[in-house]
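J.: Have a look at this one.
Please treat every number below as a calculation from the coordinates, not as lab data. Bear in mind that the values here come from a model prediction, so they are computed numbers and not experimental data. Backbone-built Cβ (ideal geometry, glycine too); neighbour counts: all protein chains shown.
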């Protein structure tokens with residue numbers, strides 16, 4: 001029995017030594033590969049086609065980031081294109097194109113920072129003291145009036161009800177972020 005145990009211990013000890021030698025050899029090979037990679041010089045930018053592609057993509061990205069849109073009129077407002085009275089009436093718009101060019105004071109809010117809502121060119125504009133609309137500067141807001149100045153001219157708008165059947169922004173799909 002003692003001999004069997006000695007043989008088993010010998011086999012285990014031999015396997016342990018063989019495993020240690022094998023692991024040491026693997027570590028040595030890995031460290032050699034690491035050393036070769038450290039000493040290897042990598043040169044970037046040698047592929048001209050890749051460099052050109054990267055430069056083009058960077059230029060396109062910078063152009064897209066710098067792009068700004070400036071829309072002064074609503075591009076979806078078809079009344080600028082389709083101006084027949086029959087078509088406008090079929091939409092329920094009774095306001096004539098001449099009325100669209102005139103300013104109408106819808107309401108005022110009086111307080112520490114008074115404001116007014118003016119309907120002009122089919123859109124509602126929220127104005128405060130000092131704001132400008134079509135070249136006119138807001139100089140006064142009271143409970144029922146809005147005072148505008150342009151050059152030496154003074155224009156006073158009085159609160160007016162909307163014309164009967166006027167197409168308003170809240171019942172169109174073009175309604176806005178002006179409120």
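J.: Output the relative contact order of the range 98-161, whole-number percent, from Cα pairs under 8 angstrom with separation of 6+ residues.
T.: Relative contact order here is 29 percent.
J.: Shape of the range 98-161 from its Cα gyration tensor (a ≥ b ≥ c, root eigenvalues): rounded if a/c is under 1.5, otherwise prolate when a/b > b/c, or oblate? The partial results should precede the final answer.
T.: Details: a/c = 1.61, a/b = 1.14, b/c = 1.41.
Here the range 98-161 falls in the oblate category.
J.: Order the peptides 102-108, 114-120, 152-158 from the highest to the lowest mean number of other Cβ atoms within 10 Å of their residues.
T.: Details: 102-108: 17.0, 114-120: 20.3, 152-158: 11.1.
Taking the mean over residues of other Cβ atoms within 10 Å, the ranking is 114-120, 102-108, 152-158.
J.: From the square roots a ≥ b ≥ c of the eigenvalues of the alpha-carbon gyration tensor of the range 2-66, which class results: rounded (a/c under 1.5), prolate (a/b over b/c), or oblate? Numbers along the way, then the final one.
T.: Values: a/c = 8.62, a/b = 3.98, b/c = 2.17.
It is prolate, given that a/c is not under 1.5 and a/b is the larger ratio.
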